[in-house]
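As structure tokens, the structure follows; a few thoughts come after it.
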Protein chains: 4
Amino acid sequence: MPLSDKQIKAMEQKREKILQQAIILFAEQGYESTTIAKVAKASGVSFGSVFTYFENKDQLFYHAVTEPLNTVFKVDLLDFDPEAEDLLAEIKSMIDNHIRIFIEMRTYLQLVVQVIGQHTKFPEPFKELDDFSIEFIQKLILIITNAQRRCVLEDSDADLTATAYLGFLLGIRLTFTDYAVSRIWEKLKIPAFQLLYPKR
Amino acid sequence: MPLSDKQIKAMEQKREKILQQAIILFAEQGYESTTIAKVAKASGVSFGSVFTYFENKDQLFYHAVTEPLNTVFKVDLLDFDPEAEDLLAEIKSMIDNHIRIFIEMRTYLQLVVQVIGQHTKFPEPFKELDDFSIEFIQKLILIITNAQRRCVLEDSDADLTATAYLGFLLGIRLTFTDYAVSRIWEKLKIPAFQLLYPKR
Amino acid sequence: MPLSDKQIKAMEQKREKILQQAIILFAEQGYESTTIAKVAKASGVSFGSVFTYFENKDQLFYHAVTEPLNTVFKVDLLDFDPEAEDLLAEIKSMIDNHIRIFIEMRTYLQLVVQVIGQHTKFPEPFKELDDFSIEFIQKLILIITNAQRRCVLEDSDADLTATAYLGFLLGIRLTFTDYAVSRIWEKLKIPAFQLLYPKR
Amino acid sequence: MPLSDKQIKAMEQKREKILQQAIILFAEQGYESTTIAKVAKASGVSFGSVFTYFENKDQLFYHAVTEPLNTVFKVDLLDFDPEAEDLLAEIKSMIDNHIRIFIEMRTYLQLVVQVIGQHTKFPEPFKELDDFSIEFIQKLILIITNAQRRCVLEDSDADLTATAYLGFLLGIRLTFTDYAVSRIWEKLKIPAFQLLYPKR
DNA sequence: TATGAATGAGTTTTCATTCAT
DNA sequence: GATGAATGAAAACTCATTCAT
């Protein structure tokens, strides 16, 4: 007897709820301090249920890192067009977008920072993040190179510049640890833009 | 019976050894995964001895974070002169120095990143780091403002620029996770410099 | 709505399948290591269905031990005639038969050995086995006594001899743990016969 | 600072106590039903202490099976001389001895029976038992062959006879599950002797 | 001061059993 | 009747910390 649509829907919501709470707890308290019991309690399910949806704690962590990456983060961060007509406008809008994402996804990025910071401890999720960072940098290099060719940006080592830009995004996320940052995010696009060597 | 000088010296060395190994283990494996037994083994002492030198695990962590900060890190990072004669040279030398430190103190900075990334979990050591970052930024603002006044740097919001600079340093430390970075560190001073809005 | 004959038949087959797989798993892995989920999987049913046919795990174990006992084991082991004309032939054929059964029912006897070996843990199924062993020994005593009377066997304490004979059967089942035994079973009837004090 | 002799002695006694209680519990309740907590309670130590003396439950079980085997069982069972002057007396004394051991070591043998009965579950301890049984049978074959040569026993397949004898010992241990057996043990040497084909 | 045995709270995980669909 | 999601009790094992020697 297969499950009814309603049941499947309810289960999906439950899984999502567990994952969301796991992301928050993993981000704020770290891997070890986040107990399955805490996740269960925060999600309003019994702790046995967590194991219905995720094989074990490791898998839960893996999904907590990779699912937002693949569904939201990746898509949003790569949402710019290196072949746009007006590259200056495209770059500015890209920066706006990137900074907004790094501010909005504060909790998730805390998790990302942990995985990167202790990558030997989390090799599988780190691999996913690393792969994405390479893809992200490739696309950045593309838009930077095009912009340089069209004299929208000054000449620079595009690879280095792209890498510095990503480092900067991660760094400000780390530096501004709380909500306070949201009041100045408007400003952060200025140094971000500066890093790309704008024409004056 | 008072301890002889030799004994005191031996004890100090023992304490130092324990602290060094604790830093490495905390940095690479995180707070929870670092057990007192591991630290003791790595330091070549019995685990009971760890408690002779540090009240408990929490205190050991606290000292692992703050002692290098106060003895080395702070001194080295603040080793620049906002009133220097040749400010351009001073700034370039400062950047060289900062990047070198961030590369050399890779392990310690892994620890710093953890504390910042999970600051609610580690309020005391975070406070120390936060205090230092304020001090650091204040001094950066000073040199930037002076450099702007003397037309060595273009005008910019000095606070924002200083903060962006610190964020950049932390960010590249996070982005370049391994030794590979040492081969390109020479280059990283370029975007770091660019962040300060150099005159052209 | 009463069930059709076909349905009843199907259910009986399902129950039988579950029981057979339970016997194998209980025998090979023991009571605790045999999970309901494993039994269900081996039987090709959902684990909820196991509870449709057996009240709980305890009951499943009880039936796994007692059903083969009452349907096959008991009948086969008691299939000899203490009043047979040619008692020597009857005894030899009985021994052949017993050894064959102990070899063929290897898996089931692994289960029996567990119940006997840990009888305090399994009092109900042990009771059934114990009752049968008494019945078996009684009938053995009968044939032995008759054979002694008719000078087919030498005189001996019939009770002791019967008990020793049963012990021997269980013991060789335990001693020869694998299929290798099947190649020498032909021989095992020799010491079994010897235990009964044959006339020379 | 090395431990004092007194401490070492105390620790050895503690270890021994834990092992003894573990043997009893494993024998009576089986591997899974014997929890570390039960062993600790029965031994009068804290739960954590069991892990001070035995790496894990598996190791505890392994030692529970093999230590009595190597220190007592092996020595006692092999304590007969195939080259004795008066072989008939030697064999009778050997049988007396064997039966006495199988009765006295009732609890330990319950454990042995479990390991043999579920040898796939306990490969390491089973290996030790299996090795011993081979050694035991070899020595039995020796004494049987010598006795046959000296016309103390009738001719028979010595290998088969030795194996049957071991099977018988295990079997009666299994058949007589309680202390009741001690009242008839005097008698059991009769069928045991009979199994060796005594001259009449 | 140095050592490491002793302790037990806390964690992950398994699994029998219940029950809604 | 069949299914499998939900539950939580129970188990092995880890580890910070204490304290006797």
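Key figures
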{"quantity": "Near pairs, Cβ below 6 angstrom, 6+ apart or cross-chain, from the range D:8-19 (under 12 Å from residue D:54 (Cα atoms)) to any residue that is hydroxyl-bearing (Ser, Thr, Tyr)", "calculated": "D:15/D:53; D:18/D:43; D:18/D:53"}
{"quantity": "Residue check for residue D:135: more than 11 Å from every other protein chain (Cβ to nearest Cβ), surrounded by fewer than 22 Cβ atoms within 10 Å (Cβ to Cβ), touching a Leu at 6+ places or on another chain (Cβ under 8 Å) and more than 25 Å from residue C:130 (Cβ to Cβ)", "calculated": "yes"}
{"quantity": "The one condition in (1) modelled with pLDDT of 95 or more; (2) closer than 16 Å to residue B:28 by Cβ that residue B:106 fails to fulfil", "calculated": "(1)"}
{"quantity": "Hey, residue A:23 at pLDDT 95 or above, within 16 Å of DNA strand F (Cβ to nearest atom) and surrounded by 16 or more Cβ atoms within 10 Å (Cβ to Cβ) or not", "calculated": "no"}
{"quantity": "Counted residues, the range A:130-162 - those being among the small types (Gly, Ala, Ser) and either in contact with a Lys or Arg (Cβ under 7 Å, 6 or more places away or on another chain) or in contact (Cβ under 8 Å) with a residue 40 or more places away in the chain (or both)", "calculated": "2"}
{"quantity": "Condition broken by residue A:120, with the remaining ones in (1) surrounded by 15 or more Cβ atoms within 10 Å (Cβ to Cβ); (2) assigned to a loop (DSSP other than H, G, I, E, B) satisfied", "calculated": "(1)"}
{"quantity": "So residue D:130, is it within 12 Å of chain C (Cβ to nearest Cβ) and closer than 15 Å to residue D:73 by Cα", "calculated": "yes"}
{"quantity": "Some residue of the range A:8-23 being over 16 Å from residue A:136 (Cβ atoms), near DNA strand E (Cβ under 10 Å from one of its atoms) and small (Gly, Ala, Ser)", "calculated": "yes"}
{"quantity": "Checklist (1) of a type in the set (A, V, I, L, M); (2) within 11 Å of DNA strand F (Cβ to nearest atom); (3) within 18 Å of the chain's Cα centre (by Cα) applied to residue D:105, failing item", "calculated": "(2)"}
{"quantity": "Output for the range D:30-84, where each listed residue is within 14 Å of chain C (Cβ to nearest Cβ) and either within 16 Å of DNA strand E (Cβ to nearest atom) or surrounded by fewer than 15 Cβ atoms within 10 Å (Cβ to Cβ) (or both)", "calculated": "D:30, D:31, D:32, D:33, D:34, D:35, D:38, D:57, D:58"}
{"quantity": "Positions within the range C:140-158 being out of contact with any helix residue (DSSP H, G or I) (no Cβ under 6 Å at 6 or more places or on another chain), surrounded by fewer than 18 Cβ atoms within 10 Å (Cβ to Cβ) and within 13 Å of another protein chain (Cβ to nearest Cβ), in sequence order", "calculated": "C:154, C:157"}
{"quantity": "Selection status of residue D:161, among the polar types (S, T, N, Q) and in contact with a strand residue (DSSP E or B) (Cβ under 9 Å, 6 or more places away or on another chain)", "calculated": "yes"}
{"quantity": "Flag if residue C:81 is among the acidic types (Asp, Glu) and touching an Asp or Glu at 6+ places or on another chain (Cβ under 9 Å)", "calculated": "yes"}
{"quantity": "Residue among C:12, C:83, C:32 that is charged (D, E, K, R), farther than 25 Å from residue D:118 by Cα and not assigned by TED's automatic domain parsing to the domain that holds residue C:145", "calculated": "C:12"}
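The values are calculated or read from the model by the stated rules, or taken from the named source; none is laboratory data. Note that the structure is predicted; figures quoted are calculated from it, not measured. Positions of Cβ are backbone-derived with ideal geometry, glycine not excepted, and every protein chain shown enters the neighbour counts.
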